[in-house]
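Below: one structure, written as structure tokens.
The values are calculated or read from the model by the stated rules, or taken from the named source; none is laboratory data. Given the structure is predicted, the values throughout are model-derived calculations rather than measurements. For neighbour counting, all protein chains shown are included, and Cβ atoms are generated from backbone atoms with ideal geometry for every residue, glycine included. With ligands, DNA and RNA removed, areas are computed over all heavy atoms of the protein, side chains included. Shrake-Rupley method; radii C 1.70, N 1.55, O 1.52, S 1.80 Å.
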2 protein chains.
Amino acid sequence: MIVDARVEAWVRLQVAGVAPRALVTLLRAFGDARGVLAASPAQRRRHVPTDVAAQLDMAPDSGRLEAALAWLREPGHEVMAWDDPGYPRVLLEIADPPPVFYFQGRRDLLTAPGFAIVGSRNATPQGCEDAEAFAAALSAAGFTIVSGLAQGIDAAAHRGGLRHAGSSIAVTGTGPDRVYPARNRDLAHELVARGLVISEFGPGTPPLKQNFPRRNRLVSGLSRGVLVVEATLDSGSLITARLAAEQGREVFALPGSIHSPFSKGGHRLIRDGAKLVETAQDILEELAVAAPAQRMVASAPTEMADPDARAVVGALGHDPTDVDTLVARTGLTAPAVVAALTALELERVVASLPGGRWQRTSRPE
Amino acid sequence: MIVDARVEAWVRLQVAGVAPRALVTLLRAFGDARGVLAASPAQRRRHVPTDVAAQLDMAPDSGRLEAALAWLREPGHEVMAWDDPGYPRVLLEIADPPPVFYFQGRRDLLTAPGFAIVGSRNATPQGCEDAEAFAAALSAAGFTIVSGLAQGIDAAAHRGGLRHAGSSIAVTGTGPDRVYPARNRDLAHELVARGLVISEFGPGTPPLKQNFPRRNRLVSGLSRGVLVVEATLDSGSLITARLAAEQGREVFALPGSIHSPFSKGGHRLIRDGAKLVETAQDILEELAVAAPAQRMVASAPTEMADPDARAVVGALGHDPTDVDTLVARTGLTAPAVVAALTALELERVVASLPGGRWQRTSRPE
């Protein structure tokens, strides 16, 4: 892609390694990546803790920055930032959307309805067959199959998704220039060619243990529901299922023999409220029922031109909140908050409640 | 057993073939079996529909009556009637307790905590192994394993139950002198020797299709919970599970492969709210939590000497009811109903509510 000043600013922020939530706070305060970088260290410290602000005060790691910019200059290598109109709206619903991520492949899949299929890396052949069959059926029905490019269930899910129109998205736990595990190299190339591969980690990031659970929140975040196929009790897919439930996504699990360790994860989820499914049709029926509610997404702050309005909506959440709290959360003055709320109410983005409190509305996608 | 006038009267009622609910109505009106038989046809017709009353007006089928009395005169052959102190109290909780049933074996098991294990007749070897293992573990924990003496899961459950102290009860769908299927003859003899075999059908009753679902309400009725192990979607064990839920019993199911027809019944139950279990311990934990509530049983009308009081309690149920309704339901005069209620209130069997209404209490077993 063409690396302009805007793109470079976003990459600088990513390379600085500021945690998503802190970065979002800074973006709300200063509008966009260039605004955050242009602010003085003292201004930034008014919004985030000193140690976080210090990450931006230092000169960027020039090696990592150059590696990222070089990667992006290759054809088909792209970056998506929080303020891009193509940024997936479903990610704005989750607690900590990545302010910026790298990708290769079909960017249109980011706004298609997603469905995650995850499970154990060392799953049984039957489990992999089931994952691929469910993925193929859901892809044929129009869902984009989201998974983590791990071996076992993840790889089978991607293969099934690629077989039909819904295609597939891999969310990796490494930088966009790495494939882990290496045996999935061919699959990764197919995904780049006919699907999509995304990563919130910078080019050069090796497979690091702590990055995989963090990646899982995007697998579920990009999806309307998550199906767990063969998971042991220590499988990372149970983390994905838990994050999915927290994000308000439907959780589904395949049952299996009480004598198989690969069924225990799914059984635990079912006992905790996940839906037991036997066929892809079971999932489609459940999502069809749930669709009207799931299509209601939070109003996207990125569409608002006014930075104050964006900050207020970002600070509002879906719980009733009063103006003082919004002042504290945004750093804006009370009159600025009230002016923003009034404008937002006219746009039906927020609603006023009794007792001087305000709430975000939801509106159809 | 010794066949005295009381026993003979009960057998006559059983042989007449009056449906349990109608028979209970007559027993409430006339006190006991001899009272029902001594009443005039006109008196009986005041309480039950003409066609039901006609069953008692006719001379009894002497062949069936003689067969039943002859069977009962053999050592170890017994009958249990609604007014017997040994009648299982848990059956009084269900909608249509059998007024009389035949049995052979340990009558003490009728008042032990029961747990039903049921499933398909043509289950897989693994399913039968699972049923036997769960039954053995629950029997070792003190539960009497209740099932239907069918082949497959039922037979395996009985075998497992017999292995430990809880032992096992078979509720048959034939007369007490028949074993169906014949291949379970040895198992039936073992159950008579070390467990219990009961039937509400008279001696000589062959295996009739319509009697088996009816039998299932007693399998669940005698149990605190029901576990379904391997059931196809057309398995009678799903009827047992449904009856169990209606009777307020806990329903448990084993999951299995989505590719096995023998898992589909259990999966449907789990989707409908049954608890997925992987081990006997799962069941014991669930029942331990549920135990305080489950130990509360309805006050048994059979323990009351006064026929008016018995009729009033029988007519009362657990919903608040006024005296006029009780007069209508019992056929007693209003002063008789009020006198009975007052006595029952002193015994804490009923409680008075605001608005002149009355309700049955529950008391610990």
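Residues that are open to solvent by 10 Å² or more (accessible area, probe 1.4 Å), within 30 Å of A:A81 (Cβ to Cβ) and away from chain B (no Cβ under 14 Å) occur in region A:155-164; there is at least one.
Scanning region A:102-139 for residues that are over 29 Å from A:P261 (Cα atoms), at pLDDT 95 or above and open to solvent by 40 Å² or more (accessible area, probe 1.4 Å) gives A:R106, A:R107, A:D108, A:P113.
Restricting attention to region B:278-287, the residues being within 11 Å of chain A (Cβ to nearest Cβ) and over 25 Å from the mean Cα position of the chain (by Cα) number 3. In contact (Cβ under 8 Å) with a residue 24 or more places away in the chain and not β-branched (V, I, T): does that describe A:H189? It is false that A:H189 is in contact (Cβ under 8 Å) with a residue 24 or more places away in the chain and not β-branched (V, I, T). The residue of region A:192-217 that is most open to solvent (accessible area, probe 1.4 Å), among those that are farther than 19 Å from A:V11 by Cα and within 18 Å of the chain's Cα centre (by Cα), is A:Q210.
Let's see how each residue does on (1) modelled with pLDDT of 80 or more; (2) under 24 Å from B:V90 (Cβ atoms); (3) polar (S, T, N, Q):
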| residue | (1), (2), (3) |
| --- | --- |
| B:M304 | no, yes, no |
| B:A309 | yes, yes, no |
| B:V327 | yes, no, no |
| B:S362 | no, yes, yes |
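Restricting attention to region A:182-210, the residues being of a type in the set (A, V, I, L, M), at pLDDT below 95 and in contact with a helix residue (DSSP H, G or I) (Cβ under 8 Å, 6 or more places away or on another chain) number 0. Can you name the residue in region A:244-264 that is open to solvent by 30 Å² or more (accessible area, probe 1.4 Å) and outside any loop (DSSP other than H, G, I, E, B) and is also nearest to the other protein chains (Cβ to nearest Cβ) among such residues? The qualifying residue nearest to the other protein chains (Cβ to nearest Cβ) is A:K264.
Restricting attention to region A:120-150, the residues that are within 13 Å of another protein chain (Cβ to nearest Cβ), without any contact (Cβ under 8 Å) to a residue 40 or more places away in the chain and in contact with a strand residue (DSSP E or B) (Cβ under 6 Å, 6 or more places away or on another chain) total 0.
Confirm whether A:R12 is buried (at least 18 other Cβ atoms within 10 Å of the Cβ) and of a type in the set (D, E, K, R). Here the answer is yes, as A:R12 does meet what is asked.
Does A:E230 satisfy the criteria of being open to solvent by less than 60 Å² (accessible area, probe 1.4 Å) and not polar (S, T, N, Q)? Judged against the criteria, A:E230 is a match. No other residue among B:P98, B:P181 is open to solvent by 10 Å² or more (accessible area, probe 1.4 Å) and out of contact with any Leu (no Cβ under 6 Å at 6 or more places or on another chain) apart from B:P181.
A:D108: within 14 Å of chain B (Cβ to nearest Cβ), among the charged types (D, E, K, R) and more than 21 Å from A:E246 (Cβ to Cβ), yes or no? So A:D108 fails the test.
Checking each residue in region A:265-277 for being in a helix (DSSP H, G or I), open to solvent by 40 Å² or more (accessible area, probe 1.4 Å) and more than 7 Å from every other protein chain (Cβ to nearest Cβ) picks out only A:R268. Scan region A:332-359 residue by residue and report those that are touching a strand residue (DSSP E or B) at 6+ places or on another chain (Cβ under 9 Å), assigned to a loop (DSSP other than H, G, I, E, B) and open to solvent by less than 40 Å² (accessible area, probe 1.4 Å). Result: A:V349, single match. When A:Y180 is tested against (1) assigned to a loop (DSSP other than H, G, I, E, B); (2) within 14 Å of chain B (Cβ to nearest Cβ), exactly one condition is not met: (2).
A:R329 meets all of the listed conditions (1) in a helix (DSSP H, G or I); (2) open to solvent by less than 40 Å² (accessible area, probe 1.4 Å) but one, namely (2).
Just so you know, in region A:166-178 the residues that are touching a residue at least 60 places away in the same chain (Cβ under 8 Å) and closer than 27 Å to A:F252 by Cβ include one that is surrounded by the most Cβ atoms within 10 Å (Cβ to Cβ), and it is A:I169. Selection of region A:211-240 for residues being of a type in the set (G, A, S), in a loop (DSSP other than H, G, I, E, B) and modelled with pLDDT of 95 or more yields A:S223, A:A231. Residues of region B:15-33 that are buried (at least 18 other Cβ atoms within 10 Å of the Cβ) and under 15 Å from B:P98 (Cβ atoms): B:V15, B:A16, B:V18, B:P20, B:A22, B:L23, B:V24, B:T25, B:L26, B:L27, B:A33. Selection over region A:62-89 of residues that are crowded, with 16+ Cβ neighbours inside 10 Å and either among the hydrophobic types (A, V, I, L, M, F, W, C) or closer than 14 Å to A:F201 by Cα (or both) gives a count of 13.
The set of residues from region B:34-61 being touching a residue at least 60 places away in the same chain (Cβ under 8 Å) and buried (at least 16 other Cβ atoms within 10 Å of the Cβ) comprises just one member, B:H47.
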